[in-house]
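Shown next, in structure tokens, is the structure this report addresses.
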Amino acid sequence: MGLQCVVGDSSVNKLSRISPMAILLDRRPDTVPLAVWRLMTWVKVWAFLYVIAWVGYGVFSLLVTSRKLALVVLILLWGLVMLLMDLTARWINRRLRKNVLANEFRICIDCGYRLRNLPARHRCPECGTQYDAIELERKWRDWFSKDQASIIRE
């Protein structure tokens, strides 16, 4: 039996709705699984650059006589950083989705450990979190999309 997945981008939208400052300060929203949050190292780098762009604008606007030039530079930097954050979130989501599907939803929601060959109800050997395979599948399906995800068994 193979698995085929058609998933919308709602999980990417959930990641992109998080403010760069929340990412930078490592304030994980309750809606984001810990396993996903730990994969977001590069998004944290882009969030840092987002803040640097605003600080750079302040410094640059003091050094340059033209405020319009400083504003154009800020908009370009901000746009580039936001694009990189979005592309990174999409890459993380695609990578995670492939991993979750390849392991039939048996990925620990807290640490990302593969639980595929373990019993349906057990403790994660990596972090000690108790899990239930049915509950894990529900949580991962909710993360990827409540209304757009469909997992089709062939």
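The values are calculated or read from the model by the stated rules, or taken from the named source; none is laboratory data. Note that the coordinates shown come from a computational prediction; the quantities given were computed from them, not determined experimentally. Ideal geometry is used to build each Cβ from the backbone, glycine not excepted, and the neighbour counts take in all protein chains shown.
Tell me the residue from Phe60, Phe105 that is surrounded by 15 or more Cβ atoms within 10 Å (Cβ to Cβ), part of a loop (DSSP other than H, G, I, E, B) and not basic (Lys, Arg), please. Please lay out each step first, then the result.
Details: Phe60 fails: part of a loop (DSSP other than H, G, I, E, B).
Result: Phe105 is the single residue among Phe60, Phe105 that is surrounded by 15 or more Cβ atoms within 10 Å (Cβ to Cβ), part of a loop (DSSP other than H, G, I, E, B) and not basic (Lys, Arg).
If I filter segment 10-22 down to residues being surrounded by fewer than 16 Cβ atoms within 10 Å (Cβ to Cβ) and part of a loop (DSSP other than H, G, I, E, B), which single residue comes out as modelled with the highest pLDDT?
The selected residue is Ser19.
Say we look at segment 23-37 and pick out the residues that are assigned to a helix (DSSP H, G or I) and at pLDDT below 75; which of these is surrounded by the fewest Cβ atoms within 10 Å (Cβ to Cβ)?
Here the answer is Leu24.
Quick one: what pairs do we get from segment 54-71, first residue modelled with pLDDT under 80, second not in a helix (DSSP H, G or I), C-beta under 7 Å, 6+ apart or different chains?
Taking only residues 6 or more apart or on different chains, the pairs are Ala70/Val64.
Could you grab me the full set of residues in segment 111-136 that are closer than 13 Å to Pro33 by Cβ and touching a residue at least 24 places away in the same chain (Cβ under 8 Å)?
Matches in segment 111-136: Cys111, Gly112, Leu136.
Go through segment 111-130 and give me each residue that's under 21 Å from Pro29 (Cβ atoms) and touching a strand residue (DSSP E or B) at 6+ places or on another chain (Cβ under 9 Å).
Thr129
Conditions (1) surrounded by fewer than 16 Cβ atoms within 10 Å (Cβ to Cβ); (2) within 21 Å of the chain's Cα centre (by Cα); (3) part of a helix (DSSP H, G or I), marked per residue:
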{"residue": "Leu76", "(1), (2), (3)": "yes, no, yes"}
{"residue": "Leu83", "(1), (2), (3)": "yes, yes, yes"}
{"residue": "Asn93", "(1), (2), (3)": "no, yes, yes"}
{"residue": "Asn99", "(1), (2), (3)": "yes, yes, yes"}
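For Ala47, all conditions in the list (1) surrounded by fewer than 17 Cβ atoms within 10 Å (Cβ to Cβ); (2) touching a helix residue (DSSP H, G or I) at 6+ places or on another chain (Cβ under 9 Å) hold save one; what is the number of the exception?
Every condition holds for Ala47 apart from (1).
Select from segment 54-110 the residues that are of a type in the set (S, T, N, Q) and closer than 30 Å to Val32 by Cβ and list them in ascending order.
The first filter runs over segment 54-110 and keeps only residues of a type in the set (S, T, N, Q), leaving 61, 65-66, 88, 93, 99, 103.
Of everything in segment 54-110, those that are of a type in the set (S, T, N, Q) and closer than 30 Å to Val32 by Cβ turn out to be Thr88, Asn93, Asn99, Asn103.
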